[in-house]
Amino acid sequence: MNLEGKTILVGVTGGIAAYKTCEIVSHLRRSGASVRVVMTEAATRFVAPLTFRTLSGNPVAYDMFVEPDEWDVRHVSLAKAASLVLIAPATANLVGKLASGIADDLLTTTVMATRAPVLIVPAMNEAMYLNPIFQANKAKLEALGYFFMTPDTGHLACGDVGIGRMPDPDRILQEVEKVLSMGDRKDGILSGRTILVTAGPTREPIDPVRYISNRSSGKMGYALANASSEAGARVILVTGPVALPDPPGCQVVKVERAEEMHRAVLEYFGQSDCVVMAAAVADYTPADYAASKIKKTGGELTIRLSPTVDILRDLGARKKNQLLVGFAAETENVVEYAMRKLREKNLDIIVANDVSRRDSGFESDFNEVIMIFRDGSTISSGRMPKIYIARQIIAEIAKLLPEKEG
Ligand code: CTP
């Protein structure tokens, strides 16, 4: 591992696994990185700051208000200098604070101020790790783009056996390398590119109070917008109605009907390097919109539906240099059916998921997909949080985009 020119900020919180972080710091330094250690007050009870100072070759910061002798960098400049922030071990308390936006010590203020990727390595008792409060905090941070490692299972310091052990330094170092290779926003793999992402369902009105829609939550599309933005792209997100916060740094265009989504997508298509159609666009819309509320008659009611425009197919016919990425929801013959859609719609990548599975897909924070390319090659993601899947898709898009001129 060559980390020459990288600055790794290592945050240490108060857990017994802090002793393992000594080896990590030592290894990072030997790999050529400049290592800065920030400890919480509790961490200093487990390992003396002097140990980290000696191993990193740099002053160790742990008190926001005391300026150590050689400490010339305040939390903001330190946050800016970091190529990556690694927090190991991370306690439930630290994760809770970050998820709630609490910044009351040097470590939490630094993490809040950084734009570098943050890799969190939780280590705690199994009951704490599995506690829904911790899991909700973790899920919230993951959705915002923080990276988490899964703890090992084994003997815990409290005497229990279960999940919660901090992984071995070797595994953590591998993960550091992986996250660093994804690039950060300042020099992201999509910097200088415009990515148009669609998300969520569409809503096709029947009358002023009723509509036809579907179960899409928008989570996959929003994760793709976040991952594109993280990778340095200018992001335009055209979204149907969802219950999700606007992704930071993205231009958000809100639409309801398939027809409105079509119009919005065409408006931005010319400026886009890539369009990712993650929206679950309605295939049919009520043929006759009733201007006033339909009253019940007691008898049967028939609503005639007419087909909507297939936005992706239309883009496939119009495209010049743009890369087109579509999604396919299938319940059987997943690869074969998705491959057919890729060809028919003139796409570059189709992301297929098996919606017959209950543990992934619609509404879930997790997904499992197969990316299929024009040449017939495939990549399976494995089951993981949608933000990780989004990053894998973005990495493939970056590889396929033609070189920028100039
Ligand atoms: N799509 C679109 N416009 C539509 C319908 C779908 O752009 N009117 C896009 C979706 O955003 C997605 C892909 O096309 O990227 C899905 O293709 P589609 O053929 O609609 O897939 P399914 O809905 O899975 O099709 P089918 O019901 O025929 O299996």
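The values are calculated or read from the model by the stated rules, or taken from the named source; none is laboratory data. Everything quoted here is computed from the prediction, not taken from an experiment. Here the Cβ is made from the backbone with ideal geometry for all residues, glycine too, and neighbour counts use every protein chain on show. Each accessible area value is taken on the protein alone, full model and side chains, heavy atoms only, with ligands, DNA and RNA left out. Shrake-Rupley method; radii C 1.70, N 1.55, O 1.52, S 1.80 Å.
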Extreme residue, farthest from the chain's Cα centre (by Cα), among residues of region 389-406 that are touching a residue at least 24 places away in the same chain (Cβ under 8 Å) and farther than 23 Å from K345 by Cβ: K404
Given (1) within 15 Å of the ligand (Cβ to nearest atom); (2) outside any loop (DSSP other than H, G, I, E, B); (3) closer than 22 Å to A199 by Cβ; (4) of a type in the set (A, V, I, L, M), number of the condition L347 does not satisfy: (2)
Residues of region 14-45 satisfying the condition of being assigned to a helix (DSSP H, G or I), farther than 21 Å from N125 by Cα and hydroxyl-bearing (S, T, Y): S26
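Per-residue answers, yes or no, for (1) open to solvent by less than 20 Å² (accessible area, probe 1.4 Å); (2) at pLDDT below 95:
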{"position": "E363", "(1), (2)": "no, yes"}
{"position": "I370", "(1), (2)": "no, no"}
{"position": "P385", "(1), (2)": "no, yes"}
{"position": "Y388", "(1), (2)": "no, yes"}
{"position": "I393", "(1), (2)": "yes, no"}
{"position": "E396", "(1), (2)": "no, no"}
{"position": "P402", "(1), (2)": "no, yes"}
Any pair with Cβ under 7 angstrom, 6 or more apart, that starts in region 320-341 at a residue that is without any contact (Cβ under 8 Å) to a residue 60 or more places away in the chain and within 18 Å of D283 (Cβ to Cβ) and ends at one that is near the ligand (Cβ under 8 Å from one of its atoms) and charged (D, E, K, R): G326/K341; G326/K345; A328/K341; Y337/E330; A338/E330
Strands (runs of 3 or more DSSP E) wholly inside region 216-300 that include at least 3 residues being without any contact (Cβ under 8 Å) to a residue 60 or more places away in the chain: 234-239, 251-254
Considering residues of region 131-169 that are among the aromatic types (F, W, Y) and under 15 Å from the mean Cα position of the chain (by Cα) only, the residue most open to solvent (accessible area, probe 1.4 Å): Y146
Qualifying residue in region 301-309 (condition: part of a loop (DSSP other than H, G, I, E, B), away from the ligand (no atom under 15 Å from the Cβ) and of a type in the set (D, E, K, R)): yes
Selection count, region 162-187, where residues are modelled with pLDDT of 85 or more and either in contact with a His (Cβ under 7 Å, 6 or more places away or on another chain) or not aliphatic (A, V, I, L, M) (or both): 12
Qualifying positions in region 79-112 - farther than 24 Å from R45 by Cα, open to solvent by less than 40 Å² (accessible area, probe 1.4 Å) and part of a helix (DSSP H, G or I): A79, A99
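Report yes if D354 is within 15 Å of the ligand (Cβ to nearest atom) and at pLDDT below 95, otherwise no. Reasoning before the result, please.
On the way: within 15 Å of the ligand (Cβ to nearest atom): yes; at pLDDT below 95: yes.
So D354 fits the description; yes.
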Residue within region 55-74 that is modelled with pLDDT of 95 or more and assigned to a helix (DSSP H, G or I) present: yes
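Mind counting the residues in region 268-293 that are open to solvent by 80 Å² or more (accessible area, probe 1.4 Å), closer than 20 Å to K345 by Cα and either under 29 Å from the mean Cα position of the chain (by Cα) or at pLDDT below 95 (or both)?
The qualifying residues number 1.
Going by the conditions given, is G316 in contact (Cβ under 8 Å) with a residue 40 or more places away in the chain and either of a type in the set (S, T, Y) or within 12 Å of the ligand (Cβ to nearest atom) (or both)?
no
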Considering residues of region 294-321 that are of a type in the set (K, R) and loosely packed, with under 11 Cβ neighbours inside 10 Å only, the residue farthest from G192 (Cα to Cα): K296
Residue within region 322-331 that is crowded, with 17+ Cβ neighbours inside 10 Å, within 13 Å of the ligand (Cβ to nearest atom) and over 17 Å from V275 (Cα atoms) present: yes
Qualifying residues in region 255-267 (those that are open to solvent by less than 60 Å² (accessible area, probe 1.4 Å) and not hydrophobic (A, V, I, L, M, F, W, C)) - the one farthest from the ligand (Cβ to nearest atom): E260
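Looking at I195, I172, can you tell me which residue is open to solvent by less than 20 Å² (accessible area, probe 1.4 Å), closer than 30 Å to A123 by Cβ and in contact (Cβ under 8 Å) with a residue 60 or more places away in the chain? Even if it seems obvious, please write down each step before you answer.
On the way: I195 fails: closer than 30 Å to A123 by Cβ.
Just one listed residue meets the conditions, I172.
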Selected residue (criterion: most open to solvent (accessible area, probe 1.4 Å)) from residues of region 1-58 that are basic (K, R) and touching a strand residue (DSSP E or B) at 6+ places or on another chain (Cβ under 6 Å): R29
